[in-house]
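Worksheet: one structure, shown below.
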Amino acid sequence: MKLIGERIVNGYLKLLTPVASILIYSRISPNLITLSGLILTFVAAYYFRRGSFLAGGLLLALAGTFDTLDGRVARETGRISKFGAFFDSTIDRYSDVLVFLGLLLFFNRPYIDILIIMAITGSLMTSYTRARAEGLGYSCKVGVMQRPERVTYIAAASVFDGIFGGALSKAVNIEHALVVAAILFVAIMSNITVLQRIMHVRRLIGETK
């Protein structure tokens, strides 16, 4: 069963077609788009650090858009390369850490810090398990929460927290409750994704024996 985040991502991708067309026509380098996404993520992390979740969420959503468009532009312009794929994946890991680092520096509370560390670990391990599996010759794209979904949940929760979060936080007596809930959800589901990928690879290896 698809998560809501995946459905949102798929719908959003359809809306990006005109933007992608403009970038394809301009012949802009996919690697430049990737770097632009990293810069936007850095600025988003800065706003998260300040507690400006509305601005941080909007910037993170925009950065996620760039992360989606770089691969699309590369495919449509015939500029797919092994280095480009490697570069994109590497920059994505830095982006993952930057977002959670901004949140960590803002909250600075033990129980939330633990959730953030779990979310970082799950995010990085989701990528690692896929890369390691592919290094062994197996496809490993399974799992309930990949990077687009993680970005979607954190960005959406941040935006809604910036708009409506004050009243909700008072009601449940948890500061920035929507953001904390999103961090908890990502922490759990990303690590479940890691387990799904471990079992998937185990099954594939068993079938090839």
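Taking only protein heavy atoms and a 1.4 Å probe, the accessible area of the chain is 68% carbon and sulfur. Taking the Cα centre of the chain as reference, the dipole from Cβ charges on Lys and Arg (+1) and Asp and Glu (-1) amounts to some 460 debye. Using the Cβ-Cβ distance between residue 131 and residue 199 with R0 = 22 Å, the FRET efficiency computed as 1/(1 + (r/R0)^6) comes to roughly 0.80.
Here the stretch 53-209 was treated as a single set of alpha-carbon atoms; its pair distances binned every 10 Å from 0 give 10, 34, 32, 17, 5, 1 percent.
Phi angles across the stretch 51-65 convert, under the Karplus curve 6.51 cos²θ - 1.76 cosθ + 1.60 with θ = phi - 60°, into 3J(HN,Hα) values of x, 8, 6, 4, 5, x, x, 5, 5, 5, 4, 5, 4, x, 5 Hz, Gly and Pro given as x.
For the stretch 27-169, the solvent-accessible area works out to 49 Å² per residue, with a probe of 1.4 Å and every protein chain left in place. Couplings 3J(HN,Hα) for the stretch 21-26, derived from phi with the Karplus relation 6.51 cos²θ - 1.76 cosθ + 1.60 (θ = phi - 60°), are 4, 5, 5, 5, 5, 6 Hz, where x marks Gly and Pro. Comparing the stretch 126-206 with the 2.2 N^0.38 Å rule of thumb, its C-alpha radius of gyration ratio is 1.42 (two decimals). Measuring nothing but how far apart in sequence close Cα pairs (under 8 Å, 6+ apart) lie, relative to its length, the stretch 50-192 scores a relative contact order of 37 percent.
The values are calculated or read from the model by the stated rules, or taken from the named source; none is laboratory data. Source: prediction; values computed, not measured. Here the Cβ is made from the backbone with ideal geometry for all residues, glycine too, and neighbour counts use every protein chain on show. Please note that ligands, DNA and RNA were not included when accessible areas were found on the heavy atoms of the full protein model with its side chains. Shrake-Rupley method; radii C 1.70, N 1.55, O 1.52, S 1.80 Å.
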